[in-house]
Amino acid sequence: MGNTVDMRTCLSLAAPVMLAYVAIGIPCGVMEAQVGFTPLMALLFSATYYSGAGQYMVSSLWFAGMPLTSIFLNISLVTTRQLLYSAAFAPYVRLERRSRSLPFAALVTDETFGINLDRFSAGGDWDLAHAQTVNAACMLSWACANCLGAALGSGVSLPVDVMSFGMTAIFICLLMGQLKSRSAKVAAVCAALVVVCCKLLGVSGSAIFVGALAGVVCGVVVGEVEP
């Protein structure tokens, strides 16, 4: 703590995520414009709620005619996975003041979670200031991309479904970089199988959360018995 932030390192780590956020943020902004968002509203919404999956869901569920209460409950359920991220980072920020750790937790996403956890676990001079810089850079790119998409609105035709695959591609890239141990591989396979099973059983809303929880449990169990 107290080290000068290495902006070059932070931005080099954040750059792939920032570019991907532009690719998926613009169509997200276009969808938001179609439900009545102005560019400023899209910017503020992205900077405060800041959930790619959740923001896509808001537009999709609104188009489907769902009431606001149902939309709120659905996106809240999807974002419960953030609780797992908080638990994973807790050992690394336990000595920080809450005024510093809470803003950091508010800007954690699936992608920045992978980057920062890898850096924290590697030790060195990576601290909360570096982690928050990565988070803030990614959030800024996402918010600006949403704002641009909302400005473009329905006046431009974008292959939203194809560009939305960018979010899945980010997850795949981050996953490949983490499969370095047996416990990580078991956790990934277990999580994927549980998500598929939930989908087949019609449990779509909580599939990601249940799968992530199952993967964590399996990974911890295997990690305890590894030599």
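Structure summary
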| read-out | value |
| --- | --- |
| Filter result (at pLDDT 80 or above and either among the aromatic types (Phe, Trp, Tyr) or surrounded by fewer than 17 Cβ atoms within 10 Å (Cβ to Cβ) (or both)) within the stretch 209-220 | Val217 |
| Test: residue in the stretch 49-71 that is in a helix (DSSP H, G or I), closer than 16 Å to Asn135 by Cβ and open to solvent by 50 Å² or more (accessible area, probe 1.4 Å) | no |
| Any hit, the stretch 29-45, residues being closer than 19 Å to Val108 by Cβ, open to solvent by less than 30 Å² (accessible area, probe 1.4 Å) and in a helix (DSSP H, G or I) | no |
| Qualifying positions in the stretch 23-42 - touching a Gly at 6+ places or on another chain (Cβ under 9 Å) and hydrophobic (A, V, I, L, M, F, W, C) | Ala23, Ile24, Ile26, Cys28, Val30, Met31, Ala33, Phe37, Ala42 |
| Of the criteria (1) modelled with pLDDT of 70 or more; (2) among the hydroxyl-bearing types (Ser, Thr, Tyr); (3) open to solvent by less than 30 Å² (accessible area, probe 1.4 Å), which one Ser206 fails | (1) |
| Cross-chain or 6+ apart pairs with Cβ under 7 Å, the stretch 113-131 first and outside any helix (DSSP H, G or I), then charged (D, E, K, R) and open to solvent by 60 Å² or more (accessible area, probe 1.4 Å) | Trp126/Arg119 |
| Failed criterion for Leu40 (all others in (1) over 20 Å from Leu140 (Cα atoms); (2) in contact (Cβ under 8 Å) with a residue 40 or more places away in the chain hold) | (1) |
| Single residue of the stretch 1-22 satisfying the filter (of a type in the set (Gly, Ala, Ser) and surrounded by fewer than 17 Cβ atoms within 10 Å (Cβ to Cβ)) that is nearest to the chain's Cα centre (by Cα) | Ala15 |
| Residue in the stretch 55-66 that is of a type in the set (Gly, Ala, Ser), touching a helix residue (DSSP H, G or I) at 6+ places or on another chain (Cβ under 7 Å) and within 30 Å of Ser121 (Cβ to Cβ) present | no |
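The values are calculated or read from the model by the stated rules, or taken from the named source; none is laboratory data. All values derive from a computational prediction rather than experimental measurement. A quick note on method: Cβ atoms are made from the backbone with ideal geometry, for glycine too, and the neighbour counts reach across all protein chains shown. Calculation scope for accessible area: heavy atoms of the full protein, side chains included, ligands and nucleic acids excluded. Shrake-Rupley method; radii C 1.70, N 1.55, O 1.52, S 1.80 Å.
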